[in-house]
Every structure is written in structure tokens, then in C-alpha cells.
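Read-outs throughout are calculated quantities, based only on the coordinates presented, and are distinct from any laboratory measurement. All of these numbers come straight from a predicted model, not from anything done at the bench. Here the Cβ positions follow ideal geometry from the backbone for every residue, glycine too, while neighbour counts run over all protein chains shown.
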Amino acid sequence: MEHFYVITNPTKDAELKTACLIRDYLIDRGMTCIVDEGTKKPDRDGYTYKEQVSGEIDCVVVVGGDGTLLQAAIDLADRDIPFLGINLGTLGFLAEVNRTGIEDALDKLIENEFEIEKRMMLCGKSFHNEGIKDEARALNDIVITRKGSLQIINFNIYVNGQFLHRYHADGMIVSTPTGSTGYSLSAGGPIVEPKAELILLSPICPHSMQNRSIVLSPEDIVVVEIESSRDGENQEVEALFDGSHKVSLCTGERIEIKKSEKTTGIVKLSKVSFLEILHRKMSD
């Protein structure tokens, strides 16, 4: 690798010190490197100046944590560029390099001593009566949750056009294996090896005995259809893509979720297995 782009979270990387350290280290060794502050730009989607990420960029180095890397992956999903996460917070599953290991990690990138894991993404397409309402991708999950006042959501789940179940719950999490260690886990979902390809359905606080997660194949297409409330009133919910991109849905509308044609490349430098990382997290 020779050409790098750095995205940083300025709330964790004060005065961009870590991002500038990375840039200077790479340039001193004959590489090229551009730093993007990673802050919200007015009148722009996401957190990245996408036009700065040229086709010659070999790797995007993301400074902050798993959340920053998730946002960068969505912003640059069309670019097919791998990501290396520098973790400035607690131990993460995506951002594997800590502060003390930055220079060693950069040396490995320069010397091409790494592997790239291809992670499955989801594509969510919402519909109203007039057709397509919104479309976006997610690396972790798409969460359908209540909007505004505390209320139970009534919705129907279809898989490949076949009715599966009618839920009364606080919401539904549709997750990838990468997202299985996030919100899905908190809702009682299973932990899945991140390189696997499958779709997880996990209801959020279901108001029934049907609280089991469901594991589907990556070829399955999931549709969540919003019903009216129990008293017949219009329901308003939100679909959140990796906790950032939002789309509002109401009674009669639906969202179709399936495996995306795009994947996210995650640079893996260490030989530490997912199971070892999981052991550390579970021992905290």
C-alpha cells in the first residue's frame, strides 16, 4: 500500500493529533496521505469529503472507534477501499489497533503484511404508496424502532414474500454477522463469526412470548410492514441504518431488507482470532 486517506473523530482525537501523527509517519516513509477531519459538513451527507477519496487510495485509516468506522464504511461503500480502524476508546471489534500499536500497524500496511476480510452489508429500501421512499446500506444493522412517545409497534414480518409473524414490540433489529456483537446482542441475539454471511432478526422487548431471534440465509429478503396501532391510530416509526441514517415510516409503509451487493473490506493485521477478542470482551 502506498496511498492513504485518514478519517478521524475529532471528539476523540483532540486537535487531530493522532491523525496528523499517522499522516506524518506515512509521508516520512515516501507514502501519500490525506487527512479528513471527519466532522459533519453542512449540506453534505455523512462525515467524509468523498470527492477527496480518489481512485488511487489503497486504504482508509479510521481514527476513533467502531462507530467512526461504521460511518466511514457507509460514506464510502461505493469505493471498494479497505478500512483499518485505530481505536481510541474501549476494546472494539472493528477497530483493532490501539494507540501504542499505530506505528507497527502502519509498517505492516507499507510492507503489505495484512489480510482483508470482506464483511457482508445490508441494503434497506423503504416504500410508500407512491413507490420507493429511501434506500441506504448498513454494515452493522438496520433497526426499526418507535418514534416519539413510548408506544408498542405493531408490524408484520415477511420473508421471501411469505408471512412469518405479527409482532407487538418496541422494535426489530435486522443485523449482519458484524452487527451481531452490537445492539442485536443486547436484545438477546446470538454472537456470530463476522466473516459469515447470514441475516439475523431480533425483536426488541417483544410484548409476547415470541422473543427468539431468527437466523436467515443471506439470500433471503425480509420485509417489515408497519400496521396501525391497537386502537387503530396511525403509527410512526424510524428505521436507523447503523445508528446514523434515518428514514421515517408510518402505518401502511414497509421496508425491504436484503444482502447488499457491496461489501466492506476490513484490514486485519494481527493473528488474534475473533474468539480471543470475544473472550476478552466477555471477561471485562
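What does the extension gain come out to for I27 and E111, with contour length at 0.36 nm per residue minus their alpha carbon separation?
Gain on extension, I27 to E111, equals 28.8 nm.
For the stretch 52-175, what does the equivalent ellipsoid look like in terms of its semi-axes, each the square root of 5 times an eigenvalue of the Cα gyration tensor, given largest first in whole Å?
Listed largest to smallest, the semi-axes of the stretch 52-175 are 36, 18, 13 Å.
For the pairs K125/K281; K147/K195; K118/K246; K147/K259, note any where the Cα-Cα span goes beyond 29 Å.
Listed pairs above 29 Å: K125/K281; K147/K195.
Which order, highest average first, do 51-57, 68-74, 260-266 follow once you tally other Cβ atoms within 10 Å for each residue and take the mean per peptide?
68-74, 260-266, 51-57
Length gain on complete extension for the stretch K125 to E227, per 0.36 nm per residue less the alpha carbon to alpha carbon distance?
Stretched fully, the K125-E227 segment lengthens by 35.0 nm.
D for the chain, whole µm²/s, Stokes-Einstein with Kirkwood Rh over alpha-carbon pairs at 25 °C and 0.890 mPa s: what number?
Translational diffusion coefficient: 123 µm²/s.
Could you tell me the extents of the stretch 145-245's C-alpha atoms along the three principal axes, largest first, rounded to whole Å?
So the extents along the principal axes, rounded to whole Å, are 43, 28, 28.
Could you sort 178-184, 275-281 so that the peptide with the highest average Cβ count within 10 Å comes first and the rest follow in order?
Ranking, from highest mean packing down: 178-184, 275-281.
Between S54 and H165, what is the label-point separation in nm under the 7 Å Cα-to-beta-carbon projection?
5.2 nm
Normalised by the residues of the chain, what does the relative contact order come to in percent, with Cα pairs under 8 Å and at least six apart?
Taking the mean separation of contacting Cα pairs over the length of the chain, I get 18 percent.
Expressed as a whole number of Å, what is the distance separating the alpha-carbon centroids of the stretch 208-271 and the stretch 131-191?
4 Å
At 37 °C and a viscosity of 0.692 mPa s, what translational diffusion coefficient does Stokes-Einstein give for the stretch 244-284, taking Rh as the Kirkwood radius over Cα pairs? Give it in µm²/s as a whole number.
Roughly 220 µm²/s, to the nearest whole number.
For S208 and A196, calculate 0.36 nm times their separation in residues minus their Cα-Cα distance, and state this gained length in nm to one decimal. Could the numbers behind the result be given before it?
Details: separation 12, 0.36 × 12 = 4.32 nm, distance 3.01 nm.
Using 0.36 nm per residue and subtracting the Cα-Cα distance, I get 1.3 nm.
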